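Engineer: Questions regarding the structure given below will be posed in turn.
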Amino acid sequence: GAVVSQHPSWVICKSGTSVKIECRSLDFQATTMFWYRQFPKQSLMLMATSNEGSKATYEQGVEKDKFLINHASLTLSTLTVTSAHPEDSSFYICSARDGTSFDNEQFFGPGTRLTVL
Amino acid sequence: AQTVTQSQPEMSVQEAETVTLSCTYDTSESDYYLFWYKQPPSRQMILVIRQEAYKQQNATENRFSVNFQKAAKSFSLKISDSQLGDAAMYFCAYRSGQGAQKLVFGQGTRLTINP
């Protein structure tokens with residue numbers, strides 16, 4: 001089956017620093033990748049949709065200057081949390097869509113736990 | 001905008017019994033897909049079952065089956081012969097068949113299996 005990886009799986013950073021999270025599709029080309037945020041005991045909230053080679057589309061209420069998304073290749077998308085603050089602490093999950101599959105199924109990465117001190 | 005509602009924050013069931021998780025959705029589209037995802041303590045999202053809106057037949061995957069009532073916009077998940085490994089958060093999700101095809105998730109139902 002299709003595999004999506006995320007790196008790092010867990011990161012702790014100081015307030016004011018920037019953190020980059022990578023999302024990779026390992027065995028398929030992901031024309032579209034999605035970034036979600038999940039607070040404890042809550043559902044997944046879509047932050048943005050990124051298409052390879054173009055600017056990401058952010059959901060309403062998501063600060064594009066704070067959460068920088070780059071989808072430079074068909075197998076890699078990155079989410080950079082700039083000037084992180086404690087309220088940015090959360091679980092971030094990416095998913096990738098295999099554009100060649102007939103049903104456009106999305107495959108999820110294992111997530112990244114971000115803790116901002 | 002599409003919405004997905006799971007009205008049961010928590011459910012519990014005895015091992016080997018059957019449990020049904022509820023989900024309703026709201027949409028004006030005719031082309032869409034519905035999903036049930038499982039999120040165990042590892043937090044890896046796992047696809048349990050999917051249903052295409054144009055199919056009248058309810059989807060089934062081994063012990064998991066759905067009751068898809070299109071007119072009522074209801075999409076419940078039935079788990080038969082519950083096992084301890086079924087304990088997890090379960091999310092119902094909607095995906096449009098057009099456009100960006102992003103997933104819209106419900107609030108989730110935490111399922112506990114009692115031995």
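The values are calculated or read from the model by the stated rules, or taken from the named source; none is laboratory data. Note that the structure is a prediction, hence the values are computed from the model and not measured. When we count neighbours, we look across all protein chains shown, and the Cβ atoms used for this are built from the backbone with ideal geometry, even at glycine. Remember, those area values only see protein heavy atoms, side chains included, never the ligands or the DNA or RNA. Shrake-Rupley method; radii C 1.70, N 1.55, O 1.52, S 1.80 Å.
Engineer: Being at the interface with another protein chain (Cβ under 10 Å from one of its Cβ atoms) and either out of contact with any strand residue (DSSP E or B) (no Cβ under 6 Å at 6 or more places or on another chain) or not in a strand (DSSP E or B) (or both) is the filter here, so list the residues in region B:10-46 that pass it.
Structural biologist: Within region B:10-46, the subset at the interface with another protein chain (Cβ under 10 Å from one of its Cβ atoms) is B:33, B:35, B:37, B:39, B:42-46.
Selection gives B:Ser42, B:Arg43, B:Gln44, B:Met45.
Engineer: Would you mention how many residues in region B:71-115 are part of a loop (DSSP other than H, G, I, E, B) and either more than 12 Å from every other protein chain (Cβ to nearest Cβ) or open to solvent by 20 Å² or more (accessible area, probe 1.4 Å) (or both)?
Structural biologist: Total meeting the criteria: 15.
Engineer: For region A:79-117, how many residues meet the condition of being open to solvent by less than 10 Å² (accessible area, probe 1.4 Å), assigned to a loop (DSSP other than H, G, I, E, B) and closer than 16 Å to A:Gln6 by Cβ?
Structural biologist: 2
Engineer: State the number of residues belonging to region A:41-73 that are part of a loop (DSSP other than H, G, I, E, B) and modelled with pLDDT under 90.
Structural biologist: Result for region A:41-73: 5.
Engineer: Would you say B:Phe68 is within 11 Å of chain A (Cβ to nearest Cβ) and either small (Gly, Ala, Ser) or assigned to a strand (DSSP E or B) (or both)?
Structural biologist: So B:Phe68 does not fit the description; no.
Engineer: Another question, if that's okay. Across region A:9-50, what is the total count of residues that are free of Cβ contacts under 8 Å to residues at least 40 places away in the same chain, more than 14 Å from A:Thr78 (Cβ to Cβ) and open to solvent by less than 60 Å² (accessible area, probe 1.4 Å)?
Structural biologist: 3
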